[in-house]
Amino acid sequence: MSEFGALSLVPPLLAIVLAIVTRRPILSLFVGIWSGGVIATGSIGIGQTFTWIAESIADVFHAQILIFTLLLGSGVALIWRLGGATAVRNWATTRLESQRNTGITTWVLGMLLFFDDYANTAIVGSTMREISDQFRISREKLSYIVDSTAAPVATIGLSSWVAFQLSMIDEGYGVIEDDHGVETPGLFETFVGSIPFNTYSLLAILMVGIIVVSRRDYGEMLDAEHRSWQTGNVSREDAQPLQEVEKDLGAPIEDRPMLRTFFAPIVVLIAITLAGAFWTGYQEWVAEQAEAGAPTSLEAAMGEDGVIQVLVDVVGAGDFAAALVWGSFAMVLTAILIGVAYDLFDLGDSVDTILEGFNLMLTAVTILVLAWGISAVAEDLGTGAYVAGVAEDVVSPALLPIVVLLVSAFVAFTMGSSWATMGIVTPIALPVAYELTGTFDLMPVMVGAVFSGAIFGDHTSPISDTSVLSSTFTGADLIDHIRTQLYYAATVMLVVLLCYALYGYLGVPPIVFLPLGAVLLAGLVYGLSELDARRKGVDPRASTVESDVSDREAETGPAPGDID
């Protein structure tokens with residue numbers, strides 16, 4: 001239990017409330033960190049405030065993510081300057097033809113790029129931003145699609161998340177073994193069994209599909225979509241996007257817009273990142289196998305442990321942060337070589353564009369650093385441990401999954417980090433489940449509940465790094481993204497709670513409650529969109545306001561008077 005008790009909740013909650021009310025995330029985050037310094041030191045706390053901020057940058061992983069973000073900003077700037085975005089826009093508007101197809105394409109891309117959530121948001125957001133603008137999809141909607149197919153996909157795929165998740169399960173099992181001296185189940189077996197109970201992730205991905213296929217919206221997203229469709233303003237008039245390529249970089253070179261100037265750097269980014277992750281993972285895996293006296297040959301290990309298990313071990317051990325840095329550097333280099341080879345610019349222009357790309361990311365980098373700083377505050381004050389400790393003594397086996405889900409959600413919401421939440425809650429939840437039941441039957445459920453809650457909290461928190469990056473690469477206002485996504489995330493969470501209640505109290509298995517949840521989710525989208533649209537006096541599908549205005553006309557905008 002935290003020595004600061006309920007006071008440990010003050011810094012993150014203060015930062016979150018201020019960010020939502022003032023729409024100024026940088027000031028809000030700094031005030032939150034400073035309040036933590038006051039609580040920790042009992043004085044003005046400025047020294048401790050800057051110590052937390054500095055320590056968040058000193059972390060190697062965080063430093064690598066900052067370098068990756070800056071380099072990716074340069075890559076985006078180079079692609080824009082070379083006319084790559086223009087080429088893609090011209091190509092896409094003759095093929096995608098509608099808002100629905102554009103939304104579906106973004107959704108599918110988000111599921112295909114399953115290997116890392118940061119790379120997912122960067123690639124999908126940068127790729128689809130110009131295209132979605134052409135069809136007047138609001139930046140809030142694009143940011144929602146990108147954010148809700150990043151972490152949810154990464155947490156159930158063969159990604160950088162898997163090794164971390166397995167290590168957290170191992171931590172929890174280690175506590176049980178130390179306390180009770182019993183043999184615990186296999187880590188991978190528990191992880192695979194937890195996937196159906198990672199219900200928020202599964203239904204969040206499905207929710208995106210329902211929204212983009214039906215084109216129905218509700219809550220603040222409905223307002224955003226009507227604004228975007230009727231006025232052509234893809235962002236709110238006084239919004240503060242974290243990235244504004246058009247304003248910050250000026251007009252692109254449009255003499256020879258070529259698709260290769262767009263796709264070649266992105267393909268190189270993906271290829272180098274995956275190769276780097278596999279290579280670093282293989283090196284680490286060989287070292288671990290040799291230390292354990294196990295086979296260091298992939299073929300021999302696959303014969304003993306199975307192909308899937310070995311691939312998870314190798315990829316999971318990879319240094320994805322370093323691989324992302326290598327990939328983004330290779331992306332920048334590729335764009336420069338294309339520009340020079342086709343005589344689109346010289347080396348001097350390329351350096352200027354790289355620096356402009358760095359400048360493009362300064363706001364996002366600042367918010368990332370401060371978000372990590374507030375997470376450090378919560379860790380030092382024991383926020384997560386306090387919340388988890390309060391919930392420990394008020395549960396029954398049937399209610400336990402719901403309690404773990406809600407605790408994980410609250411911890412992630414206040415800390416802004418799903419990984420930190422998993423690290424705090426998993427080693428507590430598994431021993432508690434064993435103490436209550438004396439068996440390992442609930443372990444996959446506990447793991448799924450922790451992962452579900454952590455990602456939900458991440459999706460609803462304005463101090464979440466993935467929310468910051470999703471807003472950055474889609475060019476959205478961070479607070480607008482959170483406010484519009486909140487309605488959809490809460491809808492999914494409501495269905496998840498019902499699914500867990502069916503499992504806990506009636507013994508309904510995932511093979512039954514997941515399809516039921518999917519049907520209920522579709523029904524809620526239809527019902528809520530109808531109710532909210534009727535209340536506001538608008539159509540639940542913004543792009544059908546006038547039946548004679550086609551989606552293809554979104555490329556140039558409707559004629560004056562076509563839309564009231």
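Which numbered condition trips up Leu96, out of (1) buried (at least 19 other Cβ atoms within 10 Å of the Cβ); (2) free of Cβ contacts under 8 Å to residues at least 60 places away in the same chain; (3) within 17 Å of Thr273 (Cα to Cα)?
Single failed check for Leu96: (3).
Counting residues that are within 30 Å of Ala433 (Cα to Cα), which helices (runs of 4 or more DSSP H) fully inside region 159-233 reach at least 2?
Because the criterion is at least 2 residues that are within 30 Å of Ala433 (Cα to Cα), the helices (runs of 4 or more DSSP H) in region 159-233 that meet it are 160-180, 187-194, 199-214.
Take region 115-158 and flag every residue that is more than 28 Å from Gly448 (Cβ to Cβ), in a loop (DSSP other than H, G, I, E, B) and not hydroxyl-bearing (Ser, Thr, Tyr).
Answer for region 115-158, where residues must be more than 28 Å from Gly448 (Cβ to Cβ), in a loop (DSSP other than H, G, I, E, B) and not hydroxyl-bearing (Ser, Thr, Tyr): Phe135, Arg136, Ile137.
Got at least one residue in region 247-264 being within 25 Å of Ile156 (Cβ to Cβ), part of a helix (DSSP H, G or I) and either modelled with pLDDT of 90 or more or not assigned by TED's automatic domain parsing to the domain that holds Gly186 (or both)?
No, region 247-264 contains no residue that is within 25 Å of Ile156 (Cβ to Cβ), part of a helix (DSSP H, G or I) and either modelled with pLDDT of 90 or more or not assigned by TED's automatic domain parsing to the domain that holds Gly186 (or both).
Just need a number here: residues in region 78-92 that are out of contact with any Pro (no Cβ under 8 Å at 6 or more places or on another chain) and under 20 Å from Val146 (Cα atoms). Write out each step before concluding.
Kept after step one, since they are out of contact with any Pro (no Cβ under 8 Å at 6 or more places or on another chain), are these residues of region 78-92: 88-89, 91-92.
Within this subset, residues satisfying the condition of being under 20 Å from Val146 (Cα atoms) are 88-89, 92.
Number of matching residues: 3.
State which residue is farthest from Met111 (Cα to Cα) when the search covers only region 176-206 and only residues that are touching a Ser or Thr at 6+ places or on another chain (Cβ under 8 Å) and touching a residue at least 12 places away in the same chain (Cβ under 8 Å).
Result: Ile176.
Take region 425-464 and flag every residue that is assigned to a helix (DSSP H, G or I), under 17 Å from the mean Cα position of the chain (by Cα) and surrounded by 24 or more Cβ atoms within 10 Å (Cβ to Cβ).
Val450, Phe451, Ser452, Gly453, Ala454, Ile455, Phe456, Gly457, Asp458, His459
Under the condition of being surrounded by 16 or more Cβ atoms within 10 Å (Cβ to Cβ) and under 28 Å from the mean Cα position of the chain (by Cα), which residue from region 503-521 is farthest from Gly209 (Cα to Cα)?
Only one residue fits best here, namely Tyr503.
Consider Ala277 carefully, then state whether it is within 22 Å of the chain's Cα centre (by Cα) and in a helix (DSSP H, G or I).
Taking the combined requirement at face value, the residue satisfies it.
So, in region 18-44, exactly how many residues are modelled with pLDDT of 85 or more and outside any helix (DSSP H, G or I)?
3
I need every pair where a residue in region 21-35 that is closer than 20 Å to Gly45 by Cα has its Cβ under 7 Å from the Cβ of a residue that is among the aromatic types (Phe, Trp, Tyr) and buried (at least 21 other Cβ atoms within 10 Å of the Cβ), sequence separation at least 6 or different chains.
If the second residue must be among the aromatic types (Phe, Trp, Tyr) and buried (at least 21 other Cβ atoms within 10 Å of the Cβ), the pairs left are Ile33/Trp52.
Conditions tested, residue by residue: (1) in contact with a Ser or Thr (Cβ under 6 Å, 6 or more places away or on another chain); (2) of a type in the set (Val, Ile, Thr).
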site	(1), (2)
Gly125	yes, no
Met128	yes, no
Arg136	yes, no
Val146	yes, yes
Ala151	yes, no
Gln165	no, no
Ile169	yes, yes
Gly174	no, no
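Is it the case that some residue within region 83-100 is closer than 29 Å to Phe61 by Cβ and either in contact with a Phe, Trp or Tyr (Cβ under 8 Å, 6 or more places away or on another chain) or not hydrophobic (A, V, I, L, M, F, W, C) (or both)? Don't jump to the end; show me each part of the working.
Of the residues in region 83-100, the ones closer than 29 Å to Phe61 by Cβ are none.
No, every residue in region 83-100 fails to be closer than 29 Å to Phe61 by Cβ and either in contact with a Phe, Trp or Tyr (Cβ under 8 Å, 6 or more places away or on another chain) or not hydrophobic (A, V, I, L, M, F, W, C) (or both).
Can you name the residue in region 311-333 that is under 20 Å from Phe164 (Cα atoms) and surrounded by fewer than 20 Cβ atoms within 10 Å (Cβ to Cβ) and, of all such residues, is farthest from the chain's Cα centre (by Cα)?
As a first pass, look at region 311-333 and keep what is under 20 Å from Phe164 (Cα atoms): 311-325.
If we keep only those that are surrounded by fewer than 20 Cβ atoms within 10 Å (Cβ to Cβ) too, we end up with 311, 322.
Details: Leu311: 24, Ala322: 19 Å.
Here the residue is Leu311.
The values are calculated or read from the model by the stated rules, or taken from the named source; none is laboratory data. Only a predicted model underlies this, so the values are computations on that prediction, with no experimental measurement involved. Cβ sites come from the backbone with ideal geometry, for glycine too, and all protein chains shown count toward neighbours.
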